[in-house]
Amino acid sequence: MVCLWSFAPVWRTNYRHAPLLAPCAIVLRDNEVLVVRSSVPILSVGGRCHSGETLEQTLLREVAEETGWIVSPLGVIGFTHCRHLDDQRPDWGRPAPDFIDPLFAVVAEAFDIQLMDSTALPCEFVPVDDVERLGVEEINRRFLDEALRKRLAIKMTNSQKAEQAALNNAFWCDAVCDTHGCPGEFREAAWVNFQQTPMFYPNAVTLGGAGQAPLHRECVKEMIAAGMPAEWAIKDSFGTLELNPLGFKVLFEGQWLYRPATAPAPPACPTAVQWEIITTALALEEWEVSWSGASGVRGIFRPMLLNNKDVAIIAARRAGRLVAGAIANRAAGCVGISNVFVPAQEAQEFRNGCIASALVAFPALPLVGYESSSEMTDMQAAGFEVVGGLRVWLRISETRRN
């Protein structure tokens, strides 16, 4: 629904000058919104069109100059009519014009401080849930609601959902590697890591969709030439690479899963279960013991993860004993679900509980993940849909073979 709002009691008709167009934007990032700090916090940024500019060109330029953010427009959510109370402003030397402001919803993509100019505003991202507490005016909150609805209404293809899931997964891999002192790097079409990664974590995650396959192949060849250590793996996020001739073998295949933000909440887990988010190193150690089971794997999930506000380590206790868990990571406009472990006899109930906990930790965002086994059926029963295939390739270095 498009709203219409005017600062003036009635629409003005006796213009001395034609109203100026000044597109503005509400900037979203995951479950946060950009707030301009002032005596009354403001949610929109933007400015008037320059000669020859389209509305979208003005919008992108103004947002970049005022905030440093490169954004992607989602569409128009409303209009505002701004009228100066005094026709003549001393600092202008001419009658003050009215402004007609088309208001867009946009998504923040990347930050570049060099884009900011003298019009830069003091602003910061804050959780959507905190907006009312900050004293933002009701009309701004109404436009925020429209922006959130606009984002939910955007139709994505399965390929786009798979790309989003792969990017989320790459951020998760990088977060884990960073806690081990070996962060990777994001390139145009892949996340890559030339160092020894933690157990179970790849050295590359391909990004950008199947159309980037030539860049994916070049990336793999570069990594081979670099002399990677011991065993290393490539997550072929779109199943487009044929790496057998390069000395790789398929470790496993899987499917990307996507659960829309508009999907209904899963059924409640048994009431005798207490759900929590891990917050201490001791509890994290206990969680990892339960996660690893008989394998005895230790030390993958380090306490530094607990400082990451975009990671929630979920645990379920029954009679004080930790019996189930999962990890949720917020990145790329969605929430990844991984490392799920549940009691075999109550798998669906506890899987639903993990999903519900992730939705509480990071609300109003789609959930993504991947599965490669019978657990796929449980995930689909919880509202996930299959959006694409992936393949993980393993290569053993020449020195390891000899």
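Computed from the coordinates by the stated procedures, all read-outs in this text should not be read as laboratory data. These figures come from a predicted structure and were not determined experimentally. In this analysis, Cβ positions are derived from the backbone assuming ideal geometry, glycine residues included, and neighbour counts consider all displayed protein chains.
Structure summary
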| read-out | value |
| --- | --- |
| Ile277/Leu215 FRET efficiency (R0 45 Å; Cβ-Cβ; nearest 0.05) | 0.75 |
| Options Ala225, Leu246, Pro23, ranked by Cα towards positive dipole end of the chain, top entry (Cβ charges) | Leu246 |
| Radius 15 Å from Cβ of Val311, net charge of other residues (Lys, Arg +1; Asp, Glu -1) | -3 |
| Peptide ranges 185-196, 168-179 listed from the most packed, as the mean C-beta count within 10 angstrom indicates | 168-179, 185-196 |
| Proxy reagent accessibility, fewest Cβ within 10 Å first, across Trp69, Trp256 | Trp69, Trp256 |
| Expected 222 nm ellipticity per residue - DSSP helices of 4 or more, -39500 (n - 2.57), all of the chain, to 500 | -8000 deg cm²/dmol |
| GNM result for the chain, Cα springs below 10 Å: residue of Ile42, Ile313, Ile355 fluctuating most strongly | Ile42 |
| Least to most buried among Glu163, Glu124 (fewest other Cβ within 10 Å first) | Glu124, Glu163 |
| Long-range lysine pairs (8 or more apart or interchain), the chain, Cα under 24 Å | 6 |
